[in-house]
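See below for the structure under consideration.
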Amino acid sequence: NSTSAPSAALAQDIANEAAAGASHFGQNGSEKNVQYVVVSPSGTQPDGFPSAGYCAYHNAAYWNTGIIAYTNMPYTPDMQNIYYPDGSQACNYPGEDPTRGATVIAGHEFAETLTDPTLHSWYNSSGWENADLCSWFNNGGYLANMNGFDVQTLWSNRNEACVASQ
């Protein structure tokens, strides 16, 4: 919180901010099961958001003695009036509270970070990760409410379906 967020951070800026977070928490990049979430304020355009065609994304960066996993999490309610060519609303649900999509998207990226922390892990034959397979109701995906927060289902190889479990 030493400086204001840039109005249009580049991908490298976001990776650097994740590394600053790792440093702040005394991490060196060798820890497993750690994800840094770089959240941008309303009105900013991190790495081309909102016109770049994503709601958020996860990535990994080589840092110090290992790799850090991080998510670029723009302020998704800023996309409430942007639609994809199929008519679906980009990062939110039509007619819903625009912050509702933020929990779904954050959970989506968290799940993909767990299963693919270095971007070399779990992909299906079409190149989709487990959360992508169920996003926005693909393949029978649906929203589940867990402890008051909406989350999307995730693909289960065991069930060969989109599932939610607490």
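The values are calculated or read from the model by the stated rules, or taken from the named source; none is laboratory data. Model, not experiment: these values are computed from the prediction. Reconstructed Cβ throughout: ideal geometry from the backbone, glycine too, with neighbour counts over all protein chains shown. All accessible areas refer to the heavy atoms of the entire protein, side chains included, with ligands and DNA or RNA removed. Shrake-Rupley method; radii C 1.70, N 1.55, O 1.52, S 1.80 Å.
What list of ³J(HN,Hα) couplings, whole Hz, do you get for region 114-120 from phi and the Karplus terms 6.51, -1.76, 1.60, once you set θ to phi - 60° and write x for glycine and proline?
After applying 6.51 cos²θ - 1.76 cosθ + 1.60, I find 5, 8, 8, x, 10, 6, 9 Hz.
If you take every residue apart from residue 153 with its C-beta less than 14 Å away from the C-beta of residue 153, what net charge results, scoring Lys and Arg +1 and Asp and Glu -1? Intermediate values should be presented prior to the final figure.
On the way: positive: 158; negative: 112, 129, 132, 150, 160.
Result for the neighbourhood of residue 153: -4.
From the helices alone, meaning DSSP H stretches of at least four residues, give me the mean residue ellipticity at 222 nm for the chain, per-run term -39500 (n - 2.57), in deg cm²/dmol to the nearest 500.
-6000 deg cm²/dmol
Sorting 158, 100 by accessible area (1.4 Å probe), largest first, what list results?
Ranking 158, 100 by accessible area, largest first, yields 158, 100.
Extending each Cα 7 Å along its Cβ direction at residue 13 and residue 100, get the distance between those two points in nm, one decimal.
If labels sit at residue 13 and residue 100, their model points lie 3.2 nm apart.
Under a point spin-label approximation (7 Å from Cα along Cα-to-Cβ), what is the residue 24-residue 138 distance to one decimal in nm?
My value for the distance between the label points is 3.2 nm.
Amide H of residue 57 versus every other amide H placed in the peptide plane: which residues, excluding those fewer than 5 positions away on the same chain, fall under 5 Å?
72
With a/c under 1.5 counting as rounded, go ahead and sort region 14-74 into rounded, prolate or oblate using the C-alpha gyration tensor (a ≥ b ≥ c being the square roots of the eigenvalues; past the cut-off, prolate if a/b is larger than b/c, else oblate).
prolate
Over the chain, what per residue volume does the convex hull of the Cα atoms give, in whole Å³?
Taking the convex hull of the Cα positions in the chain, it is 135 Å³ per residue.
Rolling a 1.4 angstrom probe over the protein chains, ignoring ligands and nucleic acids, what is the accessible area of residue 25 in square angstrom, nearest 10?
Estimated to the nearest 10 Å², residue 25 gives 140 Å².
Can you put 154, 114 in order of accessible area, largest first, using a 1.4 Å probe? Don't jump to the answer; show the numbers that get you there.
On the way: 154 50, 114 95 Å².
Ranked list, largest accessible area first: 114, 154.
Output wanted: per-residue J couplings in Hz (rounded whole) for region 122-134, from phi through Karplus 6.51 cos²θ - 1.76 cosθ + 1.60, θ = phi - 60°, x for Gly and Pro.
Couplings: 8, 9, 7, 5, 9, x, 9, 8, 4, 6, 4, 4, 10 Hz.
When the solvent-accessible surface of protein heavy atoms is calculated with a 1.4 angstrom probe, in what order do 76, 65 fall, highest first? Show your work: numbers first, answer last.
Details: 76 0, 65 100 Å².
Largest to smallest exposure gives the sequence 65, 76.
Below 8 Å between Cα atoms, with a sequence gap of 6+, how large is the relative contact order for the chain in percent? Don't skip to the answer; put the middle values down first.
Details: 284 pairs, mean separation 26.2, N = 166.
Value for the chain: 16 percent.
For residue 146, which sequence-distant residues (separation of 5 or more, or a different chain) have an amide H within less than 5 Å of its own amide H, given hydrogens modelled in the peptide plane?
151
Just the accessible area for residue 39, please: 1.4 Å probe, Å², rounded to the nearest 10?
Approximately 100 Å² of residue 39 is accessible to the 1.4 Å probe.
At what distance in nm do the modelled label points of residue 39 and residue 65 sit from each other, each positioned 7 Å from its Cα along Cα→Cβ?
3.1
For region 150-155, just list the computed ³J(HN,Hα) in residue order, Karplus coefficients 6.51, -1.76 and 1.60, θ = phi - 60°, integers in Hz, with x standing in for Gly and Pro.
Taking θ as phi minus 60°, the curve returns 6, 9, 8, 6, 10, 6 Hz for region 150-155.
Out of residues 5 or more away from residue 161 or on other chains, whose amide H comes under 5 Å of its own, with H placed 1.01 Å from N in the peptide plane?
156
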